[in-house]
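Read through the structure below, which is laid out as C-alpha cells, and then see the notes.
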Amino acid sequence: MRIILCGFGVVAQSLIKLFESREEELYSKYGLKPRVLAVFDSKGSAIDQSGLKLDKLIQVKEKFGTVKNYSEKNNSMKGNEILKNVEADVLIETTASNYKDAEPGMTHITTAMKKGMHVISVNKGPLALAFPSLMELATYNQVMFKFSGTVGGGTPILDYAKNSLRGEKITSFAGILNGTTNYILSNMATGLSFDEALKDAKDKGYVEADESLDLDGLDAAAKLVILANWIMGMKVTMPDIKCIGIRKVTIEDIKKAEKNNSVLKLIASCDKELMVSPKEIPKEDPLGVNGTLNAIAFTSEHSGTQTIIGKGAGGTETASSILRDLLDIRQEIAKN
C-alpha cells in the first residue's frame, strides 16, 4: 500500500517504528505491506517512488530535525505539490490541529480525496470545522475517510460506539475527553493550586504548545463534534458547542465537590445540548478517573450505560489507531 505521510512529529515517527517492528506480521497476518513514498514536515520533504527507507527516515529526523536532509532530490516540494505529483493510495494526516481555519490539514485532506486517495487523519481541526462536508466529499469521490485516533488516542472509543453497540440506539453520552485537564484537576484535588498543577502538567509535556486548546476546552469540544457527528448522526461543527474551560476552577470549587462526595471533571456531553464544562461527578461514578486517563459513558435505549476508559494520548497509542484504520482500508480494498 502506497502512503504519503503529512507531518513527521511524535505520532508519525511512532507509526514508522510500528511499521518496522511489525513488518513481517503485518504482511503474513493481514496482507499489508506499507510503502511510504513521501513524507513532509514544516521544513521540507523526502520522496522516493520506490519507497523510503524507514530506519533512515527516523535517523535523519533525529539528526537534523527535518526529513528534508534524507536526500538532495525533491526536498523542497511542499505538501500540496507532493499530493498532486506523487501517486499513492492513502494519505495519513498528522499535522497539528488548528481550530481557526483547519489549515494546512484541510487542504491536504481535500486535495487527496479529490485525487482519489483514501485518508486517515489524527488531525482534529478539519473534522471539528467541517465534518459533514468532508464526509460528503469522501462519499462523492468514493474514498474512505478514517479518523479513529482523533478521539481517545489508542483507546478505540469511536470503534466501540459504532461497532460494539451496533443495533443499539445511543441516546446520550458524556465523558472526559482531554487527559491534560483531567491531570490538572486530579492534582488540584490533592491540594495543588491551578497554577501549580498547570506547571506540573507542562513540566511533564502534557500541555499543548497552545495551552488554550486544553485549558479552554477546545480540544474536548473538537472531539465532541466528531463523536456527535459520527455516532449520533448530527451535522454539527465547533460553533455549535457551548464551551467552558477550567481556567476559573478554584481550590474552593474542588473542596465543594469533595464535600458532596464528588470530584470535579471537565465533561463533554451530548444530551439535549452539546456542552463542554467543569462538572461534579460522584466519586463512585466510573467517569471519576484520575491522571491523564480518558473515560466516556454511552447511554443506549436497551443496554443502559456502558463506560470505556483508557489512555487518551501518546505517540505509540495514537500510531496504533492509525494502523487499525490502515488495516480497515486494506480489508475494504480486498473485498472489492
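General remarks:
- Above-threshold pairs, the threshold being 24 Å between Cα atoms, out of Lys146/Lys272; Lys199/Lys255; Lys146/Lys242; Lys162/Lys235: Lys146/Lys272; Lys146/Lys242
- Efficiency of FRET between Met232 and Lys256 - r from beta-carbon atoms, R0 35 angstrom, step 0.05: 0.65
- Available extension along the chain between Glu81 and Thr190 is 34.1 nm, counting 0.36 nm per residue and deducting the alpha carbon span.
- Within segment 1-94: Cβ-based charge dipole about Cα centre, in debye rounded to nearest 20 (Lys, Arg +1; Asp, Glu -1): 160 debye
- Short-range pairs are left out: with C-alpha atoms under 8 Å and at least six residues apart, the relative contact order of segment 213-263 is 38 percent.
- Dipole size of the chain about its Cα centre, with +1 on Lys/Arg Cβ and -1 on Asp/Glu Cβ: approximately 580 debye, rounded to the nearest 20.
- Farthest toward the positive end of the dipole of the chain, out of Pro282, Ile92, Ala112, is the Cα of Ala112, where the dipole comes from beta carbon charges about the Cα centre.
- Of interest is the spacing of the C-alpha centroids, which for segment 1-75 and segment 289-327 amounts to 27 Å.
- Within the chain, percent of DSSP bridges classed antiparallel, to nearest 5: 65 percent
- Figure legend: label point modelled 7 angstrom from the Cα of Ser303 along Cα→Cβ; residues of segment 228-252 with amide N under 17 Å from it are 228, 230-233.
- Stretchable slack from Ser277 to Ile333, in nm (0.36 nm times residue separation minus alpha-carbon distance): 16.0 nm
Since every read-out is calculated from the coordinates, none of them should be taken as a lab result. Remember, it's a predicted structure, so these values are computed and weren't measured experimentally. Neighbour counts are summed over all protein chains in view; Cβ atoms, including those assigned to glycine, are modelled from backbone coordinates with ideal geometry.
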